[in-house]
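Reviewing the structure listed below.
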Amino acid sequence: MTAQTTLVLGANAVIADSSCSIAFSSVSPLRFGQQLGLLWLPLDANRQAVCSPAYLHEPKDWATIDDTNNPSKWQLNLPKLFEQQGVHFLQLIAYAYDEPSLNLPAVELSNVCLTLNDGALRYDFTARERHVKAAIILEIYQRNGQFKCRALGEASTQGLTSLEQRVQVSLDVRPPNTHARIQAAQQQQAYPHNEMRPPRHVQAGETWTGTAFAIDPYHLLTCYHVIESAQMIGIRQQGQPDREAQVVLSDIGSDSAIIRVSDPLPSHIPLAQQCSDILGETIITLGFPLSGLSSQLQVTQGCISGLTGLNDDIRYLQFTAPIQPGSSGSPLLLPTGEVVGMVTASLVHEHAQNMNYAVKFQLLSALIASAGISLESISDSSSAMPLTTPQLSKQSRSALWLVGCQG
């Protein structure tokens, strides 16, 4: 049996196996993936971020979760990471999920125990002050052909936001198990094959919201991540009775879902049939962002700024209309009143503004066809007079619904 080396604060040790496993635990009742988060942050020689971190909810090819049922056990491929240009250090940060705009109980980070390579190395981090929200607890580096680690204990009562300025990267501070955050577009990069993504784990009774729009008298479109893991789905619109909805068909690959209600809907909006040369075209979005602050339908304006998504993903459009958490599932409307896309994600980065993404109408049409739903054919509207934003809003608003989900 291999003897265990216990690290103290500031101590260094050799990592014998560069493809190492790391397990985490906390003596407090707080659980990783629910109240506590972990991230691996690659840094350059000046300890500034080289690339986006690996999170519990967003692993990377060099940092994977060893067991989806145990999100606190990881497998690191250190040679693969350090072969990337500019990577000199890898820091491990533990943090408490904290979103002031949500009604969540206050959580503090008090202690974390980690073991490397099945117990060969052990480090027990204990916060030396109260109200700690984040702490850098380990740093991995390479010296003389060996990988080594250093036990750290740099704590912050301000959470991850206090680290962003120093490492020059935007960090995802929001809880993964609420839909107050829109799925980051980077997640498509983390999971090239979306069907491989582990299912979202929600707590019993947890609630979240999104947006849906009607495509015929009984069916609505929304995002897969809006209805994922929901035990109950309801839709709401001012002046209309609340309705319960059922999932007809969903597709994680396009982040799209069709839901159905039993009573007829007051109106619906058409999907585009064919579009060409829409780069730069004016669009509006209608949805229910930040529904905890306001349940009113909100309209934003912008244009189509790109014909592909992150990393040239052809499933998506890029647009500039501002969106917020809760906008997922909102339609992108052309001046003709047709839906050219559905809001799915936003790239959050200090150097990126209005880099928002929508599922293309072609994928939405394919999902509808796969469900055996036949939509009414519409006349060619390419020669129709374009509508103003107030006209579009007035014409389409009764087809928009606030989606409420419960786990």
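The values are calculated or read from the model by the stated rules, or taken from the named source; none is laboratory data. The shown structure was predicted, so the numbers you read here are calculated from the model rather than taken from an experiment. As a convention, Cβ positions derive from the backbone with ideal geometry for all residues, glycine included, and neighbour counts pool all protein chains shown. Surface accessibility is based on the protein's heavy atoms, side chains included, excluding ligands, DNA and RNA. Shrake-Rupley method; radii C 1.70, N 1.55, O 1.52, S 1.80 Å.
A straight chain from residue 157 to residue 282 at 0.36 nm per residue would run longer than the Cα-Cα distance by 40.6 nm. In sequence order, region 9-24 has phi-based couplings of 3, x, 6, 10, 8, 7, 9, 5, 10, 6, 9, 9, 9, 9, 10, 10 Hz under the Karplus curve 6.51 cos²θ - 1.76 cosθ + 1.60, θ = phi - 60°, and Gly or Pro positions carry x. Take the Cβ-Cβ distance between residue 117 and residue 374 as r, set R0 to 56 Å, and report the resulting FRET efficiency rounded to the nearest 0.05. Computed FRET efficiency for residue 117 and residue 374: 0.45.
Calculated FRET efficiency, residue 128 and residue 366, Cβ-Cβ r, R0 41 Å, to nearest 0.05? Can you show the working numbers first?
Details: r = 56 Å, r/R0 = 1.36.
Once rounded, the FRET efficiency stands at 0.15.
Surface calculation, 1.4 Å probe, protein heavy atoms: residue 333 sits at approximately 0 Å² accessible. Distant-in-sequence amide contacts of residue 307, defined by a placed amide H-H separation under 5 Å and a gap of 5 or more residues or a different chain, comprise 318.
For residue 313, project a label point 7 Å along Cα to C-beta. Then give me every residue of region 214-249 with its amide nitrogen under 17 Å of that point. Under cut-off, by backbone N: 222-228. Under 29 Å of direct C-alpha separation, and excluding same-chain neighbours fewer than eight residues apart, residue 360 reaches these lysines: 60, 394.
Assuming R0 = 56 Å, can you tell me the calculated FRET efficiency for the pair residue 19 and residue 385, based on Cβ-Cβ distance, to the nearest 0.05? That gives a FRET efficiency of 0.35.
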